[in-house]
Amino acid sequence: QVQLAESGGGLVQPGGSLRLSCAASGTKFSIGVMGWYRQAPAKRRELVATMTSSGDINYADSVKGRFTISRDNAKKTVHMQMNSLKPEDTAVYYCWAFLRSGGYWGQGTQVTVSS
């Protein structure tokens with residue numbers, strides 16, 4: 001059973017930074033795509049950033065230039081450095097991974113941007 005464990009959320013002031021991390025376990029196969037989605041209260045879950053095993057990256061327009069995704073294929077980890085955070089970035093952030101067996105979600109980590 002594939003499991004994704006997230007860490008790094010918290011409370012930060014506007015303009016601050018946070019780094020999210022996610023580690024996959026329970027599979028010996030490579031992971032095609034890893035990334036992050038987020039869901040704010042009363043809103044739909046939305047893509048934040050994804051990265052393929054070959055290094056192709058996709059960012060939501062709202063985070064381009066502020067967030068940076070990276071991954072370690074061998075360790076099956078994905079990270080996201082979030083800078084210049086805004087109150088509208090407040091959400092539960094979910095790690096997502098796509099393998100041959102399908103897509104998997106983490107439990108989510110809360111990010112709150114507030115003064």
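The values are calculated or read from the model by the stated rules, or taken from the named source; none is laboratory data. Keep in mind that what you see is a predicted model, and the values were worked out from it rather than measured. All Cβ positions, glycine included, derive from the backbone under ideal geometry; neighbour counts span all protein chains shown. We work out accessible area using only protein heavy atoms, side chains counted, and drop any ligands, DNA or RNA first. Shrake-Rupley method; radii C 1.70, N 1.55, O 1.52, S 1.80 Å.
Out of the residues in region 14-36 that are among the β-branched types (Val, Ile, Thr) and modelled with pLDDT under 95, state the one that is farthest from Asp56 (Cα to Cα).
The extreme case among them is Thr27.
Could you grab the pairs with beta carbons closer than 8 Å, sequence gap of 6+ or different chains, first residue in region 67-80 and farther than 14 Å from Ala24 by Cα, second one in a loop (DSSP other than H, G, I, E, B) and of a type outside the set (A, V, I, L, M, F, W, C)?
Phe67/Asn83; Thr68/Asn83
Going through region 2-38 one residue at a time, which ones are open to solvent by less than 50 Å² (accessible area, probe 1.4 Å), assigned to a strand (DSSP E or B) and of a type outside the set (A, V, I, L, M, F, W, C)? Please lay out each step first, then the result.
Step one: of region 2-38, the residues open to solvent by less than 50 Å² (accessible area, probe 1.4 Å) are 2, 4, 6, 8-10, 12, 16, 18, 20-24, 27, 31-38.
Pick out the ones that are also assigned to a strand (DSSP E or B) and you get 4, 6, 10, 12, 18, 20-24, 33-38.
Those that are open to solvent by less than 50 Å² (accessible area, probe 1.4 Å), assigned to a strand (DSSP E or B) and of a type outside the set (A, V, I, L, M, F, W, C): Glu6, Gly10, Ser21, Gly35, Tyr37, Arg38.
Could you grab the pairs with beta carbons closer than 6 Å, sequence gap of 6+ or different chains, first residue in region 49-62 and farther than 13 Å from Thr77 by Cα, second one open to solvent by 40 Å² or more (accessible area, probe 1.4 Å)?
Between residues of region 49-62 that are farther than 13 Å from Thr77 by Cα and residues that are open to solvent by 40 Å² or more (accessible area, probe 1.4 Å), the close pairs are Ala49/Tyr59; Ala60/Leu47.
Applying the selection to region 85-102, what residues are at pLDDT 95 or above, open to solvent by 20 Å² or more (accessible area, probe 1.4 Å) and not basic (Lys, Arg)? Don't jump to the end; show me each part of the working.
Of region 85-102, the ones at pLDDT 95 or above are 85-98.
Filter once more, keeping what is open to solvent by 20 Å² or more (accessible area, probe 1.4 Å): 86-88, 90, 92, 94, 96, 98.
Hits for region 85-102 are Pro87, Glu88, Thr90, Val92, Tyr94, Trp96, Phe98.
Listed here are the residues, each with its yes/no results for (1) farther than 17 Å from Leu4 by Cα; (2) of a type in the set (Val, Ile, Thr); (3) open to solvent by 60 Å² or more (accessible area, probe 1.4 Å).
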site	(1), (2), (3)
Pro41	yes, no, yes
Glu46	yes, no, yes
Ala49	no, no, no
Gly55	yes, no, no
Val63	yes, yes, no
Thr68	yes, yes, yes
Asp72	no, no, no
